[in-house]
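So the structure is just underneath, and the comments pick up after that.
The values are calculated or read from the model by the stated rules, or taken from the named source; none is laboratory data. Please read all numbers here as calculations on a predicted model, not as lab measurements. Note: ideal-geometry Cβ built from the backbone for every residue, glycine included; neighbour counts use all protein chains shown. When the accessible area is computed, the model is the full protein with side chains, heavy atoms only, and any ligands, DNA or RNA have been set aside. Shrake-Rupley method; radii C 1.70, N 1.55, O 1.52, S 1.80 Å.
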Amino acid sequence: DESRMNILKLLLRHNYCVRALANELTEATVSQHLKVLREAGLLVGEKRGYFMHYSVKRKVLHELAKKIKALAVIEQEACPTGKT
């Protein structure tokens with residue numbers, strides 16, 4: 001999702017709270033996108049006063065990048081004869 005990619009890009013540069021992200025992205029669904037990213041294990045939140053500030057779990061992001069790279073090099077094979 002493009003919005004989640006934008007959130008990741010912003011959070012890789014700075015830690016933001018939900019309100020600051022909403023100002024950067026002008027998106028009403030920032031909280032839902034953050035939830036998806038947290039559930040995927042890509043973000044961690046830290047409570048600071050009244051606000052939750054988020055940052056990217058870079059180690060998890062690097063591991064995911066390795067897995068995606070490994071998928072990208074798999075060559076497509078022809079279907080075995082007689083099977084559909």
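Which pairs have Cβ atoms under 9 Å, sit 6 or more apart or on different chains, and link a residue in region 41-66 that is touching a residue at least 40 places away in the same chain (Cβ under 8 Å) to one that is surrounded by fewer than 14 Cβ atoms within 10 Å (Cβ to Cβ) and part of a loop (DSSP other than H, G, I, E, B)? Between residues of region 41-66 that are touching a residue at least 40 places away in the same chain (Cβ under 8 Å) and residues that are surrounded by fewer than 14 Cβ atoms within 10 Å (Cβ to Cβ) and part of a loop (DSSP other than H, G, I, E, B), the close pairs are Ser55/His14. The helices (runs of 4 or more DSSP H) located wholly in region 9-84 that include 1 or more residues which are touching a Ser or Thr at 6+ places or on another chain (Cβ under 8 Å), open to solvent by 40 Å² or more (accessible area, probe 1.4 Å) and modelled with pLDDT under 90 occupy 18-25. When restricted to residues that are touching an Asp or Glu at 6+ places or on another chain (Cβ under 9 Å) and in contact (Cβ under 8 Å) with a residue 24 or more places away in the chain, region 8-20 contains 2.
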